[in-house]
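Below is one structure, written out as structure tokens; comments come after it.
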Amino acid sequence: MEFLVEFTIEVPDGTPEPDVAAREHAEATAAAQLQREGHLVRVWKRPVPTGETTVLGLYRADSETELTGLLSALPLHDWMKTTVTPLGPHPNDPQAEQATTQAGNPAARGPLPAPRFTLVYRLQATLGQPIDVGEIPAGHRRIVPLSGGTFTGPDMSGRLLPEAAADWQIVQPDGTALADLRYTLQTDDGSLLYVRANGVRHGSPEVLARLAQGENVDASEYVFRTATQIETAVPEFDWLNKGVFISVGGRQPTGVVYETYLVG
């Protein structure tokens with residue numbers, strides 16, 4: 001079942017700003033979890049005549065009872081005024097018509113749902129001195145250590161372990177870099193995440209030459225993408241073992257930035 005949920009937030013007078021900020025951060029984390037579980041589909045802001053805004057959310061749940069449980073667990077629930085409207089099917093719904101057409105004609109295939117991208121973390125890493133292996137049949141092999149760094153995200157933050165992080169990189173004759181990246185993250189509570197990413201960095205000869213010279217080139221001037229896998233033995237983060245991830249990279253004179261996204 002789908003539900004339209006309207007929220008109005010009223011913070012009690014005298015609530016310390018740090019308490020408000022902490023609850024808002026926890027609310028964002030809870031919303032990200034509901035999205036991963038398929039309960040939170042969309043969120044909008046709606047202006048009202050008073051000049052304030054309300055929040056509209058499209059939710060999915062098996063019943064209104066389940067939805068009530070999901071909403072009551074939100075960190076801002078005590079400050080919310082909530083209106084829930086159950087939504088039912090309509091005969092003129094384009095998606096319903098499409099589903100009926102496909103059911104009657106299995107060969108008919110409409111567009112698939114567009115993927116959604118949820119930020120998992122942003123890693124800012126420093127680089128050590130590369131080890132130059134030299135020319136091999138596949139190209140020029142270099143091993144680039146990641147010598148340190150920190151990461152932050154909606155559900156986690158921590159540091160990169162420098163003793164278990166490097167890019168076993170191949171640079172092709174035109175300057176294209178093929179990444180074979182392996183690194184280990186440790187969250188602030190001590191959880192370990194093993195990350196492996198394979199990808200490519202390419203661009204125009206002029207841009208790649210500037211990168212090779214150590215210039216600070218804007219990441220929009222080249223493409224730096226990886227397909228990423230994350231492993232962990234921590235039950236709290238078991239969803240990482242089941243996820244599909246991509247990372248967007250940016251090379252800096254003394255480091256590299258990776259933003260890793262869950263594909264939903």
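Any read-out appearing in this document is the output of simple, stated calculations on the displayed coordinates, not a laboratory observation. Worth saying up front: this structure is predicted, and the values here are computed from it rather than measured. A quick note on method: Cβ atoms are made from the backbone with ideal geometry, for glycine too, and the neighbour counts reach across all protein chains shown.
Place a point 7 Å from Cα of Thr85 in the direction of its Cβ. Which residues in region 6-22 have their backbone N less than 20 Å from it? Under 20 Å, as judged by backbone N against the label point of Thr85, lie 6-9 of region 6-22. As a rough guide to protection, the peptides 21-34, 4-17 ranked by mean Cβ packing within 10 Å, highest first, stand as 21-34, 4-17. For a modelled paramagnetic label at Ala73, 7 Å from Cα along Cα-to-Cβ, the residues of region 26-54 in reach, with backbone nitrogen under 20 Å, are 26-43. Here the relative contact order of region 117-263, from alpha carbon pairs under 8 Å that lie six or more residues apart, stands at 22 percent. Ordered by the number of other Cβ atoms lying within 10 Å of each residue's own Cβ, fewest first, Asp155, Asp62 fall into the sequence Asp62, Asp155.
Given the choices [x] 31, 21, 15; [y] 29, 20, 19; [z] 42, 26, 18, semi-axes √(5λ) of the Cα gyration tensor in Å derived from the coordinates of this structure is entry [z].
For the chain, a Gaussian network of Cα nodes joined below 10 Å ranks Ser220, Ser191, Ser247 by mean-square fluctuation, and the top entry is Ser220. Peptides 250-257, 178-185 ranked from most to least packed, by the mean per-residue count of other Cβ atoms within 10 Å: 178-185, 250-257. Working note: Cα gyration tensor of region 133-264, eigenvalues times five, square-rooted, sorted largest first, giving semi-axes of 27, 15, 14 Å.
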